[in-house]
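Worksheet: one structure, shown below.
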Amino acid sequence: MTLLSFKQKLYTHLKSHYPNTELDSFFKIILEDVLHLSKIDFALDPNKFISDDKSILIDDIIIGLEQQKPIQHLIGFTEFMDLKFIVNEHVLIPRPETEELIYWMLNDFSNIQNIDILDIGTGSGCIPITLAKNLNNANVNTIDISTKAIQTAKENAKENKVSINFIHQDILQATQLPQQYDVIVSNPPYVRNLEKQEMQKNVLDFEPHLALFVADDAPLIFYKKIAELAKVSLKPNGALYYEINQYLGQETVELLKNIGFKNIELKKDMFGNDRMIKASF
Ligand code: GLN
């Protein structure tokens, strides 16, 4: 197969499943991440031959995309905050909204050394790993209920050359946290069943429901539990950061007020949705 025939195959097989903008981005991702070529390379030599191994791999990716599998699963990784993260069915694919939460935290802490951080519900490890990578000598700890997620996060920590402490625990069963922290952060499950119809098939069918969904009648269960634990385990000037359900911004603020947090900031994401909260005493 040549580069040009790969491009034609991708567009003809998938044009009934995806808009053109998405096909363009699949083409670019496969070109860069599977073939290690740029669009300029393609333009200069569209008749360049792709090796048999890579051709087989690309055919499999196109079949996977036809079944609406996430491109990140088919390639095996994604990029988040300029770092590479291995992703699979056991972890949520890191989202751009979560990058915005990281920007906020990095702005608050970029000049501070040696802070103690805890990330609850770590998944791929995208939050703790980018914090460890970008902060000076931070002591970074994580908790997750899934051993398979922890295994993936450990691989990601190794690939990105950061040292992180992993704890396997169901946070809803915890009665206390292991130490005092400057920062506690979490992007817990927050999608209600009633929001399922807004979700795309590639998310619903291929991403872990354990990381996504909460019961409709207790959508803030993780926020409540973590805030209660944080109340006794945040250092005096410490702060709690949450990614939140866009429809539950005010409810989450109220919950934190009721638990005793005094300074509560609610921020929107780039789409204009309530998406993150910072709270301290
Ligand atoms: N933002 C994610 C989504 O809508 C959900 C993340 C989460 O539940 N923590 O797919």
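A short reminder: the numbers here are calculations on the coordinates, not readings from a lab. Quick caveat: nothing in here was measured; it's all calculated off a predicted structure. Cβ sites come from the backbone with ideal geometry, for glycine too, and all protein chains shown count toward neighbours.
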Point to revise | Simple label model, 7 Å out from Cα along Cβ direction - residue 103 to residue 63, nm | key: 4.0
Practice item. Calculate for the chain the 222 nm mean residue ellipticity that helices alone would give, adding -39,500 (n - 2.57) per DSSP H run of length 4 or more and normalising by residue count, nearest 500 deg cm²/dmol. Key: -12500 deg cm²/dmol
Check your understanding: Relative to the Cα centre, what is the charge dipole magnitude of the chain, using +1 at the beta carbon of each Lys and Arg, -1 at the beta carbon of each Asp and Glu, and rounding to the nearest 20 debye?
Key -> 360
Check your understanding: What number, in nm² with one decimal, is the all-direction average of the projected area of the convex hull of the alpha-carbon atoms of the stretch 195-281?
Key -> 6.4
Review point. Any number yet on Rg/Rh for the chain, C-alpha, Kirkwood?
Key: 1.02
Study note, to complete from the structure: Taking the convex hull of the alpha-carbon atoms of the stretch 3-67 and averaging its shadow over every direction gives an area in square nanometres of 3.9
Point to revise | Residue order, fewest to most beta carbons within 10 Å, for 253, 140 | key: 253, 140
Practice item. May I ask which residue of 239, 36, 87 lies farthest towards the positive end of the charge dipole of the chain, with charges of +1 (Lys, Arg) and -1 (Asp, Glu) on Cβ and the Cα centre as origin? Key: 239
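How much length would be gained if the chain were fully extended between residue 265 and residue 147, taking 0.36 nm per residue of separation minus their Cα-Cα distance, in nm to one decimal?
39.2 nm
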Exercise for review: In a Gaussian network model over the chain where Cα atoms closer than 10 Å are linked, find which of 120, 171, 50 has the largest mean-square fluctuation.
Suggested key: 50
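Want the number for residue 247 to residue 89: 0.36 nm per residue separation, take away the alpha-carbon distance, what's left?
54.3 nm
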Exercise for review: Find the Rg to Rh ratio for the stretch 94-249, where Rh is the Kirkwood radius over alpha-carbon pairs and Rg uses the same atoms.
Suggested key: 0.95
